[in-house]
Amino acid sequence: MTDSMGNDFVLLFTKDARWIFSYILMLVPNKVDAEEVFQETSLTLWQKFGEFVPDSNFRAWAIKVAHYKVLHYRAKRKSNPLLLDDAVLEAIHGTATAMTDRLDDLHWALEKCRSKLSDDDRNMLDRRYEPNATTKTVADELGRSPRSIYRTLDRIHQVLYECIRREMSAEVRR
Amino acid sequence: MTEPQHNSDEICRLLWAMREDELAPGDAERLRSMLLEDPHARELYVYYMFLSGSLEWDSSARAKGRGTGDGRRGMAGSPAIDLPVGAAVELPLPSDLKSQIPDPRTPIPDPPFPSLSTTHYPLPTSYFSVGSWAFSCMVSAVIVCVMLLVFWAIKVTPRQHIAEAPAQSAPSEAMPEMVFVGRITGMVDVKWSDDPRFLPPLSSRAYVPLGRKYELVSGLMEITYDSGAKVILQGPCTYEVESTAGGYLALGKLTAKVEKERSEVRGQKSDHYPLSTIHYPLFSVRTPTALITDLGTEFGVEVDEVGVTESHVFRGSVKVEVVSDEGRGHEVILGENESARVERAEDRLVIVRGAASEKTARFIRAMPRPKPAVPVRIVETFDGVELGTAFEQMPPGRYAIRQGAAEHPRQEPLTPQGRQSRGYIRTVAADFCDRDFVFEATFHVRLDGPAHVPGSNAPHHIFFGLGDGVPNANCWDIVTCGLVLNFCVDNGQAWVGRCDPESDLNREVFGNLGGTVTEVVPLGGLSPGRHRFRLTKTGRCVKFAVDADFNGEFQPDFISRPIDLPTAVPLLDATNSRLLVGTGNCDVMTVRFEELSVTYLKTPKEE
C-alpha cells in the first residue's frame, strides 16, 4: 500500500469509524465482543483497502465488511445463546440502516452542544464516560456521593438536551 | 414517529441492564418481545447503542490522546497499533464469507488506526460495570429519551456530508414498521452481491421482513412465506419482498410453489402474529414487464437483463399479465407444462405463448438436501502458539501453548482462604449431550512439591469430562455443571463427579468433591506421569476409561461403570455440554496437555 493510499484510508476511516463501531454495537450488544469485531473489521478494511473504489461510498463499504464480521461472530457463538436472536437482529438491522442520516445530524448537534458546556460540566461528563469509569469511581475520585454525581449528570444532560433542541431547530430553519 | 407500545422508561431500564450484562432471563425475553413488536423500542435501542458507541468512542479517543502525550483529539495521528499475530482466528465458514477473512499468516503492516481493545485499556468484563446499575440506567434513560423527544418534535433535514449515507433505504421521517412475512428456510452455496448497499441476512434462518431485498450472485435461497408459499431464488438473482404474498423479481430465476388453499388461514407459521387471521391474497411475482399470479400451482419465472420475462408452469395454472408504463394489459392463463414470454415487439410488450421448452430444466424446484456429514475426528496437538478453532480456554490465556503442549504456568501459593486456580480447555461446540463421540486427552503431570495436606495446602486435580467448562465459584475445584473425571494427583485416585450450580463449597473432606457418581481409579492407582483418559458416549450412556502410563496406544487400565448422562446431570443441555480438560491448583504441579481428540461416532441430528 502506498503512502497516498494510507493517507486516504486514514482520512476515510477516521470520518466513519464512529458509525462502524456503533453499527457493530447495535448488532453485538456486548461491548467487549463488539470491540473485538470492530478490531477485526478495521484490520480487514486496512488490508482490503486496495479493493475500495475511490470516491465511492466508504461508509457503505465499511459497514458491509463489518456486517460480515458480525456474521462471523454469530457463527462462532452459535453454540452459546445469544441475547438477541436472529429475528430481533433482523428487525433492529432494518431500523438501524434506515436511521443513518439522522444519526449524522444527532452527532453533529451532540458534539456542538458538548463543546458549549462549561469546563466543569464537560469534565464531569468526560469522567463518567472514561474507559473503566463508573459512577462510583467518579464519586470516589471527587469525594462525593454517587447520588450527587447522578444529580449533576442529570442536570448536564438536561442542558445538552436544550442545546441540541435549539441546534436542530436552527438547522431546520437554515 | 411511531406510537410507542411500551413505556420508554422500561425500555431504557432493560437496555441498560443488557449493557451491564445484568439482564435477568425474564427481562431478556421481555426485551426481545418489545424489540420485535414495537418499532419505538427498536428506535430507542438504536439510539441508545449509537449514543453508547459515540460516547465511548469519543472517550477512548480522548484517553488515547492523553496517553500518548498527543493533545489532539480524534483519530488522526494516533500511533500505529501492533496486533497480535494470529489474532484473526479462522473458523470453518461458508465460502461466501471466507473471502472476507484475512489470512492471519500473511504479514501485515501496522494499521494506522487506534484500538478500543484491551491493548491499551484493560477492561473488565462489562465496560459499564457500575456500583449501582439503576443509577446508570436512569442516566442513560435520560439521554436516550431526550434524544427521542428531539426527533419527535423536530423535523430533521439531512445534511450534505462528504461520505453519503448508505442508499440501502431511503430516509423517511416516519420510521417504517417492521413486518415479517416469512422466513428463510434454506440456503445452498449462496454467494451474495458485492454491492456495498446490500447487506446479506444475518443467518440462514432469518426472518424475512417486508421490503427486504436479496441479491444473490450464485447459489440457492428458499423463502417460505407465512402463507405457505415457497420461493426458491436461483443466483444470479435480485428479488424484493413486496408483500405478504409475493415479490418483485428484478433479475434472475425463481421457482414458486403455493400449496395452501385460498381460504382464511391463521398465520400459524409466524411467531409474531400467532393470532392473526390473515386472508392471504393470491401469490404473485412481479417483474419489470409482467405480473404472474398463481392460481394454485408451481411455476417458474425468469427475467433477463432487459426485463424480458419468461414464465413456466410446472403444475396447476397461472395468469400472466403484461405490465408496462401504461399499466396492466394483455393477459393469458397458462396451464400445466405451458410457458409464456413477455417481450418487446415494436415498442409494445407482448405475450408469446408456447409449450414448455428445454429451459424449464434450468429451474430448481426443490432445495437440495444437505449431504449427510461424515464422521469427523478433531485433533488438537498444540503445535502452534494458539489453539485451533475447535477448542478454547476458559478463562482465556490460562494455559501457555508451546512446544506441542498446553501448560499451566506455575502459580503463586494460595492463602488459606484462597481458592484454587482453575482453568479449562474446552470445545467451542457446546452440544455434545446430543452427540455420540469418543473424547480423549493425553497429558503429563508431575508434582514438584509436597502433596496435599488437609488444612495446609490445596489438593492438586486434573479434570476431564463433559460440562460447561466454567470454574464453579462456589466449589473450589470443579465446573459449574457437568460430569467430570477428577484425578487427584496427590493420592492417585480418580472418580467421576457430578457438578451442578448448587455444589457445596469449603470442602475440607478431601475426596468428596461434587456428587461422586463412581470411583474409577482407587487410591494410589495413578501415579504422576503420562496418562490418557477416554470418554465414550453412545446415546444416553457414557463411560470413562483410563490408560495409566500411556505409551501411544490406548490400553485401558481402569474403566468406569456405564453412567446414564441425563439422569446423572439433568441440567446439561445443548448450550453447556462441552468436552473439557482442566486443572485445579498448580502451585507445585506441572501439567502438560499434549493431545485432545474428538471422534464423532455418528452424524449429529439435523434441525
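Tabulated values for the structure
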read-out	value
Protein-protein interface of region A:126-146, residues with accessible area decrease of at least 30 Å², isolated chain reference, 1.4 Å probe	A:D126, A:R128, A:Y129, A:E130, A:P131, A:N132, A:T134, A:T135
Separation in nanometres of the label points that stand 7 Å from Cα toward Cβ, at B:H444 and B:R540	4.2
Residues with amide H under 5 Å from that of B:E595, placed H, sequence gap 5 or more	B:T442
Sequence of B:D573, A:D3 when ordered by accessible area, the most exposed leading, probe 1.4 angstrom	A:D3, B:D573
Amide H contacts under 5 Å for B:A290, placed H, 5+ residues apart	B:V323
Cα long-axis angle, helix A:31-47 against chain A (0 to 90 degrees, to the nearest 10)	50
In the B-A interface, the accessible area buried, summed over both sides, Å² (probe 1.4 Å)	9800
Between 0 and 90°, nearest 10: helix A:86-98 axis offset from chain A longest Cα axis	80
Cβ-derived FRET efficiency at R0 22 Å, B:V376 paired with B:D564, nearest 0.05	0.25
Karplus-derived HN-Hα couplings along region A:4-10 (A = 6.51, B = -1.76, C = 1.60, θ = phi - 60°), whole Hz, x at Gly and Pro	4, 5, x, 4, 4, 4, 4
Cβ-derived FRET efficiency at R0 30 Å, B:V352 paired with B:L282, nearest 0.05	0.80
Degrees between helix A:119-128 axis and first principal axis of chain A (Cα, 0 to 90, nearest 10)	50
Inter-site label distance for B:S527 and B:D549 at 7 Å from Cα along Cβ, in nm	0.7
Selection from A:C113, A:L84, A:P146, by position along the positive dipole direction of chain A (Cβ)	A:P146
FRET efficiency for A:K112 and B:T389, using Cβ-Cβ distance with R0 set to 51 Å, rounded to 0.05	0.65
In sequence order, calculated HN-Hα J values of region B:492-500 (Karplus, 6.51, -1.76, 1.60; Hz; x Gly/Pro)	x, 9, 9, 9, 8, x, 9, 10, 9
Rounded if a/c under 1.5, otherwise prolate or oblate - region A:3-98, Cα gyration tensor axes	prolate
Sequence-distant residues sharing a close amide H with B:G182 (under 5 Å, placed H)	B:V208, B:D226
B:C481 - accessible surface, heavy atoms, 1.4 Å probe, Å² rounded to 10	10
Subset of B:K213/B:K359; A:K31/B:K230; A:K112/B:K213 violating a 31 Å alpha-carbon distance limit	A:K31/B:K230; A:K112/B:K213
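The values are calculated or read from the model by the stated rules, or taken from the named source; none is laboratory data. What you see is a predicted model; the values in this text were computed from it and never measured. Heads up, the Cβs are rebuilt from the backbone with ideal geometry, glycines too, and the neighbour counts pull from every protein chain shown. With ligands, DNA and RNA removed, areas are computed over all heavy atoms of the protein, side chains included. Shrake-Rupley method; radii C 1.70, N 1.55, O 1.52, S 1.80 Å.
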